[in-house]
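The values are calculated or read from the model by the stated rules, or taken from the named source; none is laboratory data. On a predicted model such as this, the values are computed, not experimentally measured, just so you know. Cβ placement follows ideal geometry from the backbone for every residue including glycine, while neighbour counts extend to all protein chains displayed.
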Amino acid sequence: MDPLSIALFTILGVFILVLLGIHIGVALALLSVVGIWAITGKLGVAVSLLNTTAYRSVMDYIFAVIPLFVLMGILANLSGATRDLFSSAQVLFGRIRGGIGIATVIANAVFAAITGVSVASAAVFSKLAIPEMMRLNYDRKFAYGIVAGSAILGMLIPPSILMIVYGVLTEQSIGKLFAAGIGPGILVSIILSLGIWLRVRMDPQLGGQTEVLSAITFAELVRAAIKPWGVVLLIVLVLGGLYGGFFTPTEAGAIGAAGALVLTLAARQLNMQSAIGVLSEIGRSTASIFLLLIAAQMYSRMLTISGLASHMSEWAAGLPVPPMVIVLAFVLVFLLLGTIIDSVSILLLTVPIMFPVIMKLGYDPIWFGMVSIVAIEIGLLTPPFGMVPFAMKSSLGKSASLEEIFAGSMPFVVLLMIALAFVIAFPSLSTWLPSVL
């Protein structure tokens, strides 16, 4: 069997193993070894390459950014920063119909700048925002959709684990990817907020009731602005230093983690029990991501040895269709895969194949990264296995059903598709800021 056929069979094998419930990292590593063994005819070469990849693929200094940003998000949440953000946004927007929904979007957008994980955002705001919306008689499905839709900002607004993984896989600047996420992140926040406002305006019963009808006083405005001062200062310090050229992404992660630790200590939320919990959580998260990265590097090397990546690039470039059709086909693949597997796994499966094609077609790799992340995140809201609704169900327990959460998410999927169309049609939304930094 020729190398191209072997590579294609291994790709099919990965999908079959994932659907059977095998961990994506195990599936990628196993079939990479099998593929290289079949191509070279030497098991020793395959095992040796696996050993080398496992050691070298995560030895780079840049990989320290992953546990550092994860630690920053965990500590910031432990300090109570999320509650402060939501309560401040509630003061600013809670006096209008649908205002708590808009406040949830705004708070989620700010929280995204310290967590970088959509599933975490969904779990946190299910406990913070859903009870408040239920108290104000919001439509149940509408409330679930607000939290689910705004949760995807966790992976879009920097720092983002998806951006780090994409940067590692494609050898793109993580700092530029972080900068590129700001434009699409703001766009998605605006579209979601406008969508909530319009839906409540057309059907006032969706938005329940407003708690206070009087205008906000200057004193209340000042208190709302001051309350989350710690986390806002942390975000300004980390992202400002990163974009200003004072820190590398890894240094920014270290400074962010240190700042989050200060906030946690100031809030007196760190004790022996919580410290053990933080260390356990960061260990689990980091180990899982590193296993996936090692497996993905092995998988990418197998595809390179087989010649599939270069063959796919030549084939796609020669198709008698506009290049944008190929990009849209990739977007469709992201959306479909998002219904069955998690976002990091989607990147690991697809980017080694898609990225050479994108480069051959002449598209900007930073722009394609933003398109990929938005599309993948939309998939996380869709049935049957969208990760965000499952995270919300786990957080809410028996008070919510998966069917209601998925149903409430569908209108927000439409809004996010509109945002994706803008990101695709106007590349400068993603590329302008990185170009000037």
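Observations, loosely collected:
- Within region 255-282, residues that are in a helix (DSSP H, G or I) reach partners that are surrounded by fewer than 14 Cβ atoms within 10 Å (Cβ to Cβ) with beta carbons closer than 8 Å, at six or more positions or on different chains, in the pairs GLY259/LEU233.
- The listed residues are ILE190, ILE196, and the only one of them that is more than 15 Å from TYR138 (Cβ to Cβ), at pLDDT 85 or above and either out of contact with any strand residue (DSSP E or B) (no Cβ under 8 Å at 6 or more places or on another chain) or surrounded by fewer than 22 Cβ atoms within 10 Å (Cβ to Cβ) (or both) turns out to be ILE190.
- When the residues of region 1-22 are filtered to those that are β-branched (Val, Ile, Thr), more than 15 Å from THR304 (Cβ to Cβ) and surrounded by 14 or more Cβ atoms within 10 Å (Cβ to Cβ), the one that is nearest to the chain's Cα centre (by Cα) is VAL18.
- Candidate set: region 117-145, residues that are surrounded by fewer than 22 Cβ atoms within 10 Å (Cβ to Cβ) and under 15 Å from PHE412 (Cα atoms); chosen: the one nearest to the chain's Cα centre (by Cα): LYS141
- Considering THR350, THR339, the condition of being within 19 Å of TYR299 (Cα to Cα) and either in contact with a Cys (Cβ under 9 Å, 6 or more places away or on another chain) or of a type outside the set (A, V, I, L, M) (or both) is satisfied by THR350 alone.
- Selection of region 340-356 for residues being without any contact (Cβ under 8 Å) to a residue 40 or more places away in the chain and under 14 Å from ILE366 (Cα atoms) yields only MET354.
- Single match in LEU332, LEU381, LEU347 (criterion: over 18 Å from GLY167 (Cα atoms), modelled with pLDDT under 90 and assigned to a helix (DSSP H, G or I)): LEU332
- Failed criterion for THR250 (all others in (1) in a helix (DSSP H, G or I); (2) of a type outside the set (Asp, Glu); (3) surrounded by fewer than 20 Cβ atoms within 10 Å (Cβ to Cβ); (4) more than 20 Å from the chain's Cα centre (by Cα) hold): (4)
- Residue within region 361-373 that is in contact with a helix residue (DSSP H, G or I) (Cβ under 7 Å, 6 or more places away or on another chain), more than 30 Å from ILE146 (Cα to Cα), of a type in the set (Phe, Trp, Tyr) and part of a helix (DSSP H, G or I) present: no
- Helices (runs of 4 or more DSSP H) wholly inside region 23-97 that include at least 3 residues being small (Gly, Ala, Ser) and surrounded by 22 or more Cβ atoms within 10 Å (Cβ to Cβ): 24-40, 81-93
- Looking across LEU349, LEU381, LEU332, one residue alone is buried (at least 23 other Cβ atoms within 10 Å of the Cβ) and of a type outside the set (Ser, Thr, Tyr). It is LEU381.
- The conditions of being among the hydroxyl-bearing types (Ser, Thr, Tyr), at pLDDT below 80, surrounded by 19 or more Cβ atoms within 10 Å (Cβ to Cβ) and within 19 Å of VAL14 (Cβ to Cβ) are not met by SER313.
- Test: residue in region 270-277 that is buried (at least 18 other Cβ atoms within 10 Å of the Cβ) and either closer than 23 Å to VAL371 by Cβ or touching a Leu at 6+ places or on another chain (Cβ under 7 Å) (or both): no
- One residue stands out among those in region 28-69 that are of a type in the set (Val, Ile, Thr) and at pLDDT 80 or above: the one that is nearest to GLY13 (Cα to Cα), which is VAL34.
- Residues in region 406-437 that are of a type in the set (Gly, Ala, Ser) and touching a Leu at 6+ places or on another chain (Cβ under 6 Å): 2 in all.
- Total residues in region 230-245, condition in a helix (DSSP H, G or I), without any contact (Cβ under 8 Å) to a residue 12 or more places away in the chain and of a type outside the set (A, V, I, L, M): 1
- The listed residue being of a type in the set (A, V, I, L, M), more than 13 Å from the chain's Cα centre (by Cα) and either under 30 Å from THR304 (Cβ atoms) or crowded, with 21+ Cβ neighbours inside 10 Å (or both), out of ILE157, ILE102: ILE102
- Of the criteria (1) assigned to a loop (DSSP other than H, G, I, E, B); (2) under 22 Å from GLU171 (Cα atoms), which one MET312 fails: (1)
- Selection of region 391-419 for residues being without any contact (Cβ under 8 Å) to a residue 40 or more places away in the chain, over 30 Å from PHE355 (Cα atoms) and not in a loop (DSSP other than H, G, I, E, B) yields LYS393, GLY397, LYS398, SER399, LEU402, GLU403, PHE406.
- Flag not set for ARG301, criterion: over 24 Å from the mean Cα position of the chain (by Cα) and at positive phi.
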